[in-house]
Amino acid sequence: MAKVIALANQKGGVGKTTTAINLAASLALLGKKVLLLDADPQANATSGLGFDIELDGIYECIVGDKRAEEVILQSPDVKKLWLLPSSIKLVAADTELPMMENAHFVIKEIINQVRDKFDYIFVDCSPSLGYTTVNILTAADSVLIPVQCEYLALEGLSKLLNTIKLVKGGLNPELDIEGFVLTMYMRNRLNNQVATEVREHFGELAFDTVIQRNIRLGEAPSHGKPIMLYDAAATGSVNYLNLAKEFLKRNRKKSK
């Protein structure tokens, strides 16, 4: 059964979708069977892997028009990577989900339809803490939190951590924090201070691997490719492959 990891941060522009795409792709290239579920109405993970954002996807599953296996797409570039796409239609989910039977568990039921087919399922959440995101946290085993190396990025963390605590206290007692990934890092005093603060506050939950600012990393989504296929020698490619290896190492330790 796949481990389900939600990537969440209600602050936009922190590298959440970039991390979702490239960590998922890196793990697939390392031999794991990975599904990336795009749960953001902006559908950036969908387009970032080269797929049409008008395709049926998670919204059709939520309203019951499709089953997950009917809309999952295999990456043409990465053999062991699959996508459950999103579209702008997902905007309606926050108002429609509360009216459904077992409202908090709709996305969990969708994921369970295909959970035995993968090693890992990553869910790219929208930059909000709405009903859809709570639904995803209810379905997840853990939450991976990208943190931009800026002080403003730290300010909103308390709201996210409080939401995780509330979900863990009621809807999903097994929910854990997978860790914090420092993103958009540059070698300057501010970024070093933020990185130090995150490591001091969260300890071992902060990944050792840091994702550096990298122009090629920003260009890759416009070509519909993960960074390691767009430019294997780019700093971003090296960073995400190292993050994937650290992720696997941490999960091996947890399973012992």
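Every read-out reported here was derived from the displayed coordinates using simple, explicitly stated rules and does not represent laboratory data. Computed from a predicted structure; not experimentally measured. Positions of Cβ are generated from backbone atoms using ideal geometry, with glycine treated the same way; all protein chains shown enter the neighbour counts.
Laid out as a table, the results:
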| read-out | value |
| --- | --- |
| The chain: most fluctuating residue of 190, 137, 217 per GNM, C-alpha cutoff 10 Å | 190 |
| Fewest-first sequence of 52, 94 by Cβ atoms within 10 Å of each Cβ | 52, 94 |
| Under the Karplus curve 6.51 cos²θ - 1.76 cosθ + 1.60, θ = phi - 60°, whole-Hz ³J(HN,Hα) for the range 152-157, x wherever Gly or Pro sits | 4, 5, 7, 5, x, 5 |
| Phi to ³J(HN,Hα) by Karplus 6.51 cos²θ - 1.76 cosθ + 1.60 over the range 177-189, Hz, x for Gly, Pro | 8, 5, x, 10, 10, 6, 10, 6, 7, 10, 7, 9, 4 |
| Candidates 242, 112, 188: whichever shows maximal mean-square fluctuation once the chain is modelled as a Gaussian network with Cα springs under 10 Å | 188 |
| Dipole in debye (nearest 20) - the chain, about Cα centre, beta carbon charges: Lys, Arg +1; Asp, Glu -1 | 1080 |
| The chain - percent relative contact order, Cα under 8 Å, separation 6 or more | 25 |
| Neighbour-count order for 129, 55, fewest beta carbons within 10 angstrom listed first | 55, 129 |
| Packing-based order for 13-23, 29-39, using average beta carbon neighbours within 10 Å, highest first | 13-23, 29-39 |
| The range 146-189: GluC sites (Glu not before Pro) in DSSP coil with no more than 12 other Cβ atoms inside 10 Å | 174 |
| GluC sites (Glu not before Pro) restricted to DSSP loop in the range 1-91 with at most 14 other C-beta within 10 Å | 54 |
| GNM flexibility winner over the chain from 176, 124, 116 (Cα, springs under 10 Å) | 116 |
| Within the chain, helix-based [θ] at 222 nm, where runs of 4 or more DSSP H residues each add -39,500 (n - 2.57), nearest 500 | -12000 deg cm²/dmol |
| Hz values of 3J(HN,Hα) by residue in the range 24-37 - Karplus curve (6.51, -1.76, 1.60), Gly and Pro given as x | 4, 5, 5, 5, 5, 5, 8, x, 8, 8, 10, 10, 9, 9 |
| Separation in nanometres of the label points that stand 7 Å from Cα toward Cβ, at residue 33 and residue 165 | 3.9 |
| Anchor residue 66: lysines whose Cα lies under 20 Å away (excluding residues fewer than 8 positions away in-chain) | 89, 108, 117 |
| Order of 158, 86 - criterion: other Cβ atoms within 10 Å of each residue's Cβ, fewest first | 158, 86 |
| Percentage, to the nearest whole number, of Cα pairs in the chain over 27 Å apart | 31 |
